[in-house]
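Asks: This is the structure I have questions about; it appears just below.
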């Protein structure tokens with residue numbers, strides 16, 4: 001994209017309405033604009049990040065056999081009356097009445113709808129397990145929306161639902177999802193640590209929150225630093241094998257991790273002191289086994305091995321996709337601006353033309369840009385070098401390719417890595433391979 | 001995807017609630033399920049089609065320099081009061097009151113919001129033209145939703161908006177969009193003919209509807225059959241050149257095309273009789289120049305060449321993405337089911353195993369399937385051959401790869417083209433190249 005022609009408005013000043021870093025930087029880097037309280041439009045660069053995150057989330061859901069579908073944003077109140085949650089949900093549910101005076105609501109979550117659809121389609125225990133997910137806009141009418149998309153009202157979420165024949169199979173599904181989540185967050189370039197969460201009346205260890213470590217997090221966290229060194233992408237797990245899943249899960253849960261609410265000093269004392277990490281975290285995901293709560297209350301069964309009705313065991317698994325954009329920024333920025341992990345960056349690199357109109361500079365920039373215009377931002381504006389450098393740092397592109405008249409004469413450009421600050425000079429022909437872009 | 005494990009429920013019987021072919025076939029082929037009146041969940045195969053269509057639409061928008069963003073589904077009533085449309089819109093607008101008694105609405109379209117965002121970002125005429133688009137769920141509270149997603153309430157739409165410095169530049173934007181639309185529909189594998197539409201008080205020839213030809217269409221259409229033979233994908237147009245755009249547009253409009261409402265017998269008489277085509281059409285797109293209607297009413301200006309405020313000329317450009325799924329089916333089906341154009345098909349091919357459990361059949365099927373599991377559906381169910389053939393025709397995969405025990409012994413499979421019905425036998429190794437799938 002050519003910056004001179006693009007809808008990527010950067011702001012020099014900190015917007016008064018933004019209280020936290022990610023909100024400030026998302027506004028300043030031109031990722032979002034608020035359209036109503038807690039409701040945002042995603043400008044082109046912001047949408048690219050949102051989509052990059054969603055696609056990584058999808059890939060890891062697909063890898064464990066979850067099937068993507070898409071449920072609508074508006075739901076009938078009838079469904080929620082069947083589960084008993086319509087009255088229980090409270091004022092965060094946005095209730096709507098249509099022209100025929102029928103009660104609708106903007107879905108804050110989808111347990112009821114997916115359970116109903118499951119019941120229409122799946123008839124026999126032989127068709128289990130089924131794991132269904134969608135990535136869809138949801139609405140929660142927060143009483144005080146704030147912190148930008150961190151606590152917005154209309155938000156983008158991946159929610160998955162598993163249906164299993166019995167408790168043991170449900171545990172397998174839960175563990176597969178745990179693996180998918182660990183791999184997802186690692187690919188997103190953030191440290192998200194699973195912490196045991198409250199399971200309510202069901203009990204067991206089958207609820208985990210995933211918290212991204214960031215000083216502005218809403219919860220205090222305590223965890224074993226060895227967790228951060230694990231490489232889940234190369235973890236050998238046979239997801240079709242119960243033993244293999246159990247082994248993986250035992251290893252994962254062997255590392256202490258808890259939020260301040262669930263912190264256990266006795267367990268903590270067993271963590272070697274040099275590995276004890278304390279900090280704060282932002283919740284970006286939550287996985288949860290809840291058994292037959294919805295299948296029983298909504299009377300959704302399949303025929304079991306003996307022909308009698310069998311009520312499947314369910315779990316639900318959320319990732320806050322729009323919230324992750326903010327959480328990643330909270331975890332990855334400096335005084336100058338955002339530092340995007342490569343996997344989610346809106347552009348792999350910015351090409352900075354230090355002297356627009358200089359034939360050699362223009363030629364080199366155009367040549368580099370033409371190699372992968374969809375992955376590169378070309379700063380072709382007639383602005384001073386200082387403005388271009390500041391905007392590049394603010395927007396957080398992983399690489400900056402700096403093309404100035406002196407180097408251009410010799411066919412040399414400078415390449416800066418945003419995260420490390422490292423700079424190197426190289427021939428034009430070496431740039432694309434160096435930054436990992438193009439053919 | 002393995003059909004035995006998938007959430008792709010086919011129905012043998014015609015559902016009673018479906019009155020038109022596309023609605024019947026979408027339910028029977030397991031693409032959608034209704035969740036409330038006029039509101040649908042997209043099951044995995046349906047979502048694939050929806051996404052394939054949206055991605056082709058996006059690619060052609062991007063190709064003319066339009067920038068994708070994403071506006072929220074809910075809008076503030078304030079914006080619509082500024083344009084004067086809040087009271088004018090009528091009961092199709094779904095009006096919502098939040099917990100703080102603020103009036104929101106579920107966006108039926110986005111002229112107001114995009115104009116407001118444009119005004120926040122673009123300050124000078126030098127930054128024009130700008131073309132912004134998004135693909136987002138919208139809601140129109142139809143008094144009688146029917147025909148499935150053809151006339152649903154929650155629907156998926158691409159809407160683009162152009163901002164230009166003056167009328168001539170706006171005409172250029174309109175013509176670029178016309179080209180993008182012709183290319184889009186051609187890539188989607190449907191014949192969508194642009195017809196001059198009513199422009200209201202503004203006049204001119206700057207409003208076209210695009211109608212997909214289908215016997216069940218809502219409008220009668222009259223057009224020059226020569227139109228259907230044009231190849232817009234190889235049309236040489238320099239979209240940065242006004243003359244080139246004008247030449248293209250003159251050629252395109254030289255072919256007579258009108259809905260019954262705008263039909264002109266005098267012009268029709270000039271079309272050579274052998275080229276006169278009459279039929280019916282389903283509206284799937286609408287492009288529209290409306291000048292300064294919103295920029296003036298909302299007082300959104302940029303600074304002009306003389307420093308004085310300049311109110312940009314606008315156009316808006318819609319494509320009904322979810323409606324297109326139904327329209328394509330109306331235009332492309334037979335007694336047995338859907339006939340998907342390759343570009344939008346949920347799967348490139350189905351692999352039909354005629355004898356599950358036969359070692360050779362299973363081996364060949366698994367081997368073919370492993371080459372591109374994301375593009376292939378493997379019918380590994382323990383069903384009779386007749387059921388598998390019927391479902392394959394119903395679901396409309398462009399190719400059927402039929403693996404039976406007799407051929408398997410000799411390493412031979414049968415390949416059927418769904419559209420032509422043509423069948424041929426070939427060695428297993430030749431199949432993927434024949435159907436254009438895999439490495």
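Asks: Here are some residues: A:133, A:106, A:161. Which one is under 24 Å from residue B:105 (Cα atoms), in contact with a strand residue (DSSP E or B) (Cβ under 8 Å, 6 or more places away or on another chain) and surrounded by 20 or more Cβ atoms within 10 Å (Cβ to Cβ)? It would help to see each step written out before you state the result.
Replies: Working: A:133 fails: under 24 Å from residue B:105 (Cα atoms); A:161 fails: under 24 Å from residue B:105 (Cα atoms).
After applying the criteria, what remains is A:106.
Here is a yes/no grid of residues against (1) within 7 Å of another protein chain (Cβ to nearest Cβ); (2) under 29 Å from the mean Cα position of the chain (by Cα):
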{"site": "A:59", "(1), (2)": "no, yes"}
{"site": "A:67", "(1), (2)": "yes, yes"}
{"site": "A:74", "(1), (2)": "yes, yes"}
{"site": "A:78", "(1), (2)": "no, no"}
{"site": "A:88", "(1), (2)": "no, yes"}
{"site": "A:92", "(1), (2)": "no, yes"}
{"site": "A:99", "(1), (2)": "yes, no"}
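Asks: Still on this model: Regarding the range A:185-197, can at least one residue be identified that is at pLDDT below 90, in a strand (DSSP E or B) and surrounded by fewer than 24 Cβ atoms within 10 Å (Cβ to Cβ)?
Replies: Scanning the range A:185-197, I find at least one residue that is at pLDDT below 90, in a strand (DSSP E or B) and surrounded by fewer than 24 Cβ atoms within 10 Å (Cβ to Cβ), so the answer is yes.
Asks: While we're here: Under the condition of being in a loop (DSSP other than H, G, I, E, B) and modelled with pLDDT under 95, which residue from the range A:259-291 is farthest from residue A:213 (Cα to Cα)?
Replies: Of the residues in the range A:259-291, the ones in a loop (DSSP other than H, G, I, E, B) are A:263-264, A:271-272.
Those still in the list that are modelled with pLDDT under 95 too: A:263-264.
Numbers: A:263: 16, A:264: 19 Å.
By that ranking, first place goes to A:264.
Asks: Related question: Suppose the filter is in contact with a strand residue (DSSP E or B) (Cβ under 8 Å, 6 or more places away or on another chain) and more than 8 Å from every other protein chain (Cβ to nearest Cβ); does residue A:83 pass it? Break it down stepwise before answering.
Replies: Details: in contact with a strand residue (DSSP E or B) (Cβ under 8 Å, 6 or more places away or on another chain): no; more than 8 Å from every other protein chain (Cβ to nearest Cβ): yes.
When the stated conditions are applied, residue A:83 does not pass them.
Asks: Output the number of the condition that residue B:360 fails; it satisfies all remaining conditions of (1) surrounded by 13 or more Cβ atoms within 10 Å (Cβ to Cβ); (2) under 32 Å from the mean Cα position of the chain (by Cα).
Replies: (2)
Asks: Determine whether the range B:256-266 contains at least one residue that is within 28 Å of residue B:54 (Cβ to Cβ) and touching a helix residue (DSSP H, G or I) at 6+ places or on another chain (Cβ under 9 Å). Even if it seems obvious, please write down each step before you answer.
Replies: Step one: of the range B:256-266, the residues within 28 Å of residue B:54 (Cβ to Cβ) are B:257, B:259.
Checking the rest, the ones that are also touching a helix residue (DSSP H, G or I) at 6+ places or on another chain (Cβ under 9 Å) come to B:257.
Checked against the condition, which is being within 28 Å of residue B:54 (Cβ to Cβ) and touching a helix residue (DSSP H, G or I) at 6+ places or on another chain (Cβ under 9 Å), the range B:256-266 yields at least one hit.
Asks: Given the residues A:26, A:1, which is the only one that is in contact (Cβ under 8 Å) with a residue 60 or more places away in the chain, within 8 Å of chain B (Cβ to nearest Cβ) and in contact with a strand residue (DSSP E or B) (Cβ under 7 Å, 6 or more places away or on another chain)? Show your work before the answer.
Replies: On the way: A:26 fails: within 8 Å of chain B (Cβ to nearest Cβ).
The unique qualifying residue is A:1.
Asks: Looking at the range A:43-57, which of its residues are farther than 17 Å from residue A:9 by Cα and at the interface with another protein chain (Cβ under 8 Å from one of its Cβ atoms)? Working first, answer last.
Replies: Quick first cut of the range A:43-57, residues farther than 17 Å from residue A:9 by Cα only: A:50-57.
If the condition is that a residue be farther than 17 Å from residue A:9 by Cα and at the interface with another protein chain (Cβ under 8 Å from one of its Cβ atoms), then A:50 is the only one that fits.
Asks: Here's another thing I want to ask about it. Kindly indicate which of A:322, A:316 is assigned by TED's automatic domain parsing to the domain that holds residue A:174, under 23 Å from residue A:180 (Cβ atoms) and assigned to a helix (DSSP H, G or I). Reasoning before the result, please.
Replies: Values: A:316 fails: assigned to a helix (DSSP H, G or I).
Answer to the selection: A:322.
Asks: How about the range B:157-169: which of its residues are closer than 15 Å to residue B:115 by Cα and not in a strand (DSSP E or B)?
Replies: Residue satisfying the conditions is B:165 alone.
Asks: Return yes when residue B:145 is modelled with pLDDT of 95 or more and assigned by TED's automatic domain parsing to the domain that holds residue B:21 and no when it is not. Write out each step before concluding.
Replies: Values: modelled with pLDDT of 95 or more: no; assigned by TED's automatic domain parsing to the domain that holds residue B:21: yes.
No; evaluated as a whole, the condition is false for this residue.
Asks: Looking at the range A:245-263, can you tell me whether even one residue there is closer than 30 Å to residue A:391 by Cα and touching a residue at least 24 places away in the same chain (Cβ under 8 Å)?
Replies: As a first pass, look at the range A:245-263 and keep what is closer than 30 Å to residue A:391 by Cα: none.
Within the range A:245-263, none of the residues are closer than 30 Å to residue A:391 by Cα and touching a residue at least 24 places away in the same chain (Cβ under 8 Å).
Asks: Of the residues that sit in the range B:143-153 and are assigned to a helix (DSSP H, G or I) and within 14 Å of chain A (Cβ to nearest Cβ), which one is surrounded by the most Cβ atoms within 10 Å (Cβ to Cβ)? Quick ask: steps written out before the conclusion?
Replies: First, pick out the residues of the range B:143-153 that are assigned to a helix (DSSP H, G or I): B:148-150.
Now drop any that are not within 14 Å of chain A (Cβ to nearest Cβ), which leaves B:148-149.
Working: B:148: 28, B:149: 30.
My answer is B:149.
Asks: Considering B:69, B:93, which residue is touching a residue at least 40 places away in the same chain (Cβ under 8 Å), over 30 Å from residue A:1 (Cβ atoms) and surrounded by 18 or more Cβ atoms within 10 Å (Cβ to Cβ)?
Replies: One residue alone meets the criteria, B:93.
Asks: I would also like to ask the following. Are there any strands (runs of 3 or more DSSP E) wholly within the range A:329-439 with 2 or more residues that are under 26 Å from residue A:54 (Cα atoms) and touching a strand residue (DSSP E or B) at 6+ places or on another chain (Cβ under 6 Å), and if so which? Reasoning before the result, please.
Replies: Working: elements: A:349-353, A:376-379, A:399-403, A:412-417, A:423-427.
Because the criterion is at least 2 residues that are under 26 Å from residue A:54 (Cα atoms) and touching a strand residue (DSSP E or B) at 6+ places or on another chain (Cβ under 6 Å), the strands (runs of 3 or more DSSP E) in the range A:329-439 that meet it are A:349-353, A:376-379, A:399-403.
Asks: Let me confirm something: among A:156, A:181, which residue is within 14 Å of another protein chain (Cβ to nearest Cβ), touching a strand residue (DSSP E or B) at 6+ places or on another chain (Cβ under 9 Å) and farther than 14 Å from residue A:314 by Cα? Walk me through how you get there before you give the answer.
Replies: Values: A:181 fails: within 14 Å of another protein chain (Cβ to nearest Cβ).
Exactly one residue qualifies, and that residue is A:156.
Asks: Also, I was wondering about something else. Evaluate the following for residue B:111: is it touching a helix residue (DSSP H, G or I) at 6+ places or on another chain (Cβ under 8 Å), more than 10 Å from chain A (Cβ to nearest Cβ) and over 23 Å from residue A:153 (Cβ atoms)?
Replies: Values: touching a helix residue (DSSP H, G or I) at 6+ places or on another chain (Cβ under 8 Å): yes; more than 10 Å from chain A (Cβ to nearest Cβ): yes; over 23 Å from residue A:153 (Cβ atoms): no.
No; evaluated as a whole, the condition is false for this residue.
The values are calculated or read from the model by the stated rules, or taken from the named source; none is laboratory data. From a predicted model like this one, the values you see are computed outputs, not experimental measurements. When we count neighbours, we look across all protein chains shown, and the Cβ atoms used for this are built from the backbone with ideal geometry, even at glycine.
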